[in-house]
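Colleague: To start, I am sharing the structure in question, which I have written as structure tokens.
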Amino acid sequence: MGTKTAEAAGNKAGEEVDTIEEETTGTAAEENSVDAADENPETGADGAPTGEEAAAKASTGVGQGAAAVVSAALGLVSLTGSWVGTVAQARDSLYGQLEVASGSSVATQIKQIYADSWNVNALVAGLFALAALIVGVVVLVRPAFGNPDRVQAPWIKSVAWAGVSLGIIGLLLAAAKYTDIILAMPTT
């Protein structure tokens, strides 16, 4: 029995040593975090920004992210068409019908009623594409004119590039539609 108590006493002593070592390493880590917090009062113990600095960083990302999404949406609208383009096309078609005299040639009727309204629709699509391109480029170059320490989120760049790409495609399609490269009007 004497050996068992000696072993138990040895284990208890060993456990106490482990506990003391854990306590001293815990206090050293706490001291390091307090020292780091004292060096930079704007950041927390983990180095993350706190307070106004975090709010400023978050707010700039929100505006750029929203602008990137708007750019992509405008690019998509330029490709699929818009209510504004449809109304402008119908209005121009109505004006063409009013301007055409009853004895006009077929070529004049096609131009006045259909071709001009088709071109108006292409112009509206081109304006949406141009807006998408401009907004996307502004979002992409914005960090160059701001605080160099602030990094733009990768998703903002991706969405802005999508808006720029859709804007370029929309401009090319609008120009091809306007110049009758794509879906030309019939000739008589």
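The values are calculated or read from the model by the stated rules, or taken from the named source; none is laboratory data. All values reported here derive from a predicted model rather than from experimental measurement. All Cβ positions, glycine included, derive from the backbone under ideal geometry; neighbour counts span all protein chains shown. Calculation scope for accessible area: heavy atoms of the full protein, side chains included, ligands and nucleic acids excluded. Shrake-Rupley method; radii C 1.70, N 1.55, O 1.52, S 1.80 Å.
Colleague: Which one of these does L127 not meet: (1) more than 21 Å from L171 (Cα to Cα); (2) open to solvent by 80 Å² or more (accessible area, probe 1.4 Å)?
Modeller: (1)
Colleague: Considering the range 163-181 alone, what residues qualify as being within 16 Å of L76 (Cβ to Cβ) and open to solvent by less than 40 Å² (accessible area, probe 1.4 Å)?
Modeller: Scanning the range 163-181 gives G163, V164, G167, G170, A174.
Colleague: Next question, about the same structure. Would you be able to tell me the number of residues in the range 92-119 that are open to solvent by less than 40 Å² (accessible area, probe 1.4 Å) and within 32 Å of the chain's Cα centre (by Cα)?
Modeller: Of the residues in the range 92-119, 1 are open to solvent by less than 40 Å² (accessible area, probe 1.4 Å) and within 32 Å of the chain's Cα centre (by Cα).
Colleague: Let me ask something additional. Restricting the search to the range 64-91, which residues are without any contact (Cβ under 8 Å) to a residue 40 or more places away in the chain, surrounded by fewer than 19 Cβ atoms within 10 Å (Cβ to Cβ) and either more than 21 Å from A160 (Cα to Cα) or touching a Ser or Thr at 6+ places or on another chain (Cβ under 6 Å) (or both)?
Modeller: Listed by number, the residues that qualify are W83, T86, V87, A88, A90, R91.
Colleague: Could I ask something else about it? For residues in the range 150-160 being assigned to a helix (DSSP H, G or I) and either of a type in the set (D, E, K, R) or touching a Gly at 6+ places or on another chain (Cβ under 7 Å) (or both), which is most open to solvent (accessible area, probe 1.4 Å)?
Modeller: Out of the qualifying residues, it is K157.
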